[in-house]
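Encoded as structure tokens, the structure appears first; notes follow it.
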Amino acid sequence: MIIEVPPPYKNEHLHFGFAQVGWQLGQYRALRRRVFCDEQRLFVGTDEDELDRRATPIVAVASCMGAPDQVVGVVRIDERTPGVWYGGRLGVAPDYRRTARFTITGLFDGGQPVGPFDTSVGAALIYKAVSTAKARGARRFLANVQAQNVPFFERMHWKVLFEENLFGLPHARMAADLAHYPAARLAPPPNLLAPAFHLPMRLL
């Protein structure tokens, strides 16, 4: 007798918000480790660094039977100099990387999708990150993007500034075209800076 294992359950409704409660923070850290330590092997043991002290953790959360249940996407944002913000640690759980049909809350003001940011979980996380930073006063938004992901970011209205090697891999420093990212009214409160990490971090 052949017993088929059912595919993992995927909820097509995702909420995009800020990791503020314990289970969300734990899953935010765990998904980052899975992506950047276990899969990509960019770090050993942990991908946490000094930036986590001030970064705002953003998450995509799937629900189960109507209740928030699983963090399936992550990104962090932080302000390096006045008005200059960076995004980083963008990651999506494997089961949701090819998700192209889903409903969204907590992302677009007024609930109206803005293309192309409703085409994938990663695209929606980018929108949430940049629009949140813009609401907090960002005049420029930058990120270090792995070379293979540059075309994807270009579709999201980013441009390459220069190329460099980071962690032994080719990257591009890219800048978002803020004209395509309206400031979000759905921004976190000013005191939500870096609740995810309270202990001293080591640079890797």
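Readers should treat all values here as calculations from the given coordinates under stated rules, not as data from a laboratory. In this text the structure is predicted, and so the values were computed from the model without any measurement. FYI the Cβ positions are ideal-geometry reconstructions off the backbone, even for glycines, and counts take in every protein chain you see.
Provide the gained length on full extension for the span Q20 to N165, in nm with one decimal, where the gain is 0.36 nm per separating residue minus the Cα-Cα distance. The partial results should precede the final answer.
Details: separation 145, 0.36 × 145 = 52.20 nm, distance 3.33 nm.
Computed gain between Q20 and N165 is 48.9 nm.
Provide the gained length on full extension for the span D69 to F43, in nm with one decimal, where the gain is 0.36 nm per separating residue minus the Cα-Cα distance.
Numbers: separation 26, 0.36 × 26 = 9.36 nm, distance 2.72 nm.
In short, 6.6 nm is gained.
Most exposed first by the Cβ proxy, i.e. fewest other Cβ within 10 Å, how do D38, D49 rank?
Numbers: D38 9, D49 16.
Least crowded to most crowded, the residues run D38, D49.
On alpha-carbon atoms, Rg over Rh for the stretch 13-180 using Kirkwood Rh? If you can, show how the numbers build up before the last one.
Working: Rg = 15.1 Å, Rh = 16.2 Å.
That ratio is 0.93, to two decimals.
For R139, R33, what's the fewest-to-most ordering of other Cβ within 10 Å of each Cβ?
Numbers: R139 11, R33 16.
Taking fewest neighbouring Cβ atoms as first place, the list is R139, R33.
Would you list R97, R41 from fewest to most Cβ contacts within 10 Å?
On the way: R97 13, R41 10.
Arranged by neighbour count, lowest to highest, R97, R41 become R41, R97.
Report, to one decimal in Å, the Kirkwood hydrodynamic radius for the stretch 59-130 based on all distinct Cα pairs.
Working: mean 1/r = 0.0763 Å⁻¹.
Computed over Cα pairs of the stretch 59-130, the Kirkwood hydrodynamic radius comes out at 13.1 Å.
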